[in-house]
Amino acid sequence: MKIDVIGDIHGCFEEFRKLTEKLGYDWREGLPRHPGRRKLAFVGDLTDRGPHSLKTISVVASLRKEKEAYYVPGNHCNKLYRYFLGNKVKILHGLETTAAELSALSEKERKEYRTLFINLYEDSPLHQVLDDGKLIIAHAGIKEEYIGKNNKRVKTFVLYGDITGEVNDDGTPVRRDWAKEYKGDGWIIYGHTPVLEPRMINNTVNIDTGAVFGGKLTAFRYPEMELVSVPSTMPFVKEKFRTFP
């Protein structure tokens, strides 16, 4: 099993294309295909904040439909899903950029994207366990005892991380450093928390290197255990990145 796991894209489609080309994927048919039959995997948060959320949805949904990629949803994916269902959600924290892209389309095109994304979301697991448990992909990470389970507590964890219920001064939730306590053998690849450099600790790797905040878009190559990145074209926003002691 050969997989390239892509970090949080957040609508940064050009960075996504450049990263996959750097990884050896060919786009001649409109989708990234690897001559060595490698597959892509996505840690969620495909959309919001960046300039090309809809193009990103289209490519990932097409790959997933052809069983050429793995995808798990992130918290932004969950919010967009609820938005498409007609639930009452606040058009804030990045969703406004995706909503603006949709508003520029015809009603027919909007319905097509709605169907495309709802199918992608509903057909995908909350976290992906691959290669007999040697590789686990979850948007915000996952505790060892939650792997393979599917309930409300697991859903909250994989979408938002190990939240305490408290909030920071900037309104973001306070999250515990779950990766520091992980003791499992399976490699957990995740994103959600932007870091300046990929964070590897205790068989976990955070590959959200803040592409949408001017950092990098990063991939984790399995089973090679290699990290590959491309620089972002977005403005750099230092305060969006988390540092760990």
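The values are calculated or read from the model by the stated rules, or taken from the named source; none is laboratory data. Source: prediction; values computed, not measured. Backbone-built Cβ (ideal geometry, glycine too); neighbour counts: all protein chains shown. Ligands, DNA and RNA are stripped out before the accessible areas are found, and what is left, the full protein with its side chains, is counted by its heavy atoms. Shrake-Rupley method; radii C 1.70, N 1.55, O 1.52, S 1.80 Å.
The magnitude of the dipole of the chain, with charges of +1 and -1 set on the Cβ of Lys/Arg and Asp/Glu and taken from the Cα centre, is near 380 debye. Residue separation of K240 and E224 scaled by 0.36 nm, minus their Cα-Cα distance, works out to 2.8 nm of gained length.
Of the residues I142, I188, I163, the one that moves most in a GNM of the chain with alpha-carbon contacts below 10 Å is I163.
Counted over the stretch 103-245, the DSSP beta bridges are approximately 70% antiparallel.
Of the accessible area of the chain, with the probe set at 1.4 angstrom, what percent is carbon plus sulfur? Present the calculation step by step, with values, prior to reporting the outcome.
Details: 5900 of 12050 Å².
With neighbouring chains kept in place, the figure for the chain is 49 percent.
Taking GluC sites (Glu not before Pro) across the stretch 182-245, the ones in a DSSP loop with at most 14 further Cβ atoms lying within 10 angstrom of their Cβ are E224. Here's the list of lysines a cross-link from K155 could span, going by alpha-carbon distance under 22 Å and ignoring same-chain residues fewer than 8 apart: K79, K88, K90, K134, K143, K180, K183.
State in Å² the accessible area per residue of the chain; use a 1.4 Å probe, count heavy atoms of protein chains only, and round to the nearest integer.
49
Positive-end ranking of T47, G36, V59 along the dipole of the stretch 32-71, with charges on Cβ about the Cα centre, is headed by G36. For the stretch 17-100, the Kirkwood estimate of the hydrodynamic radius, built from every pair of different alpha carbons, is 13.8 Å.
Residues considered: R28, R38, R175. Largest GNM mean-square fluctuation over the chain, using C-alpha springs under 10 Å, is found at R28.
If you count the DSSP beta bridges with both ends in the chain, what percent of them are antiparallel, to the nearest 5? Don't skip to the answer; put the middle values down first.
On the way: 20 of 33 bridges.
Expressed as a percentage, antiparallel bridges in the chain total about 60.
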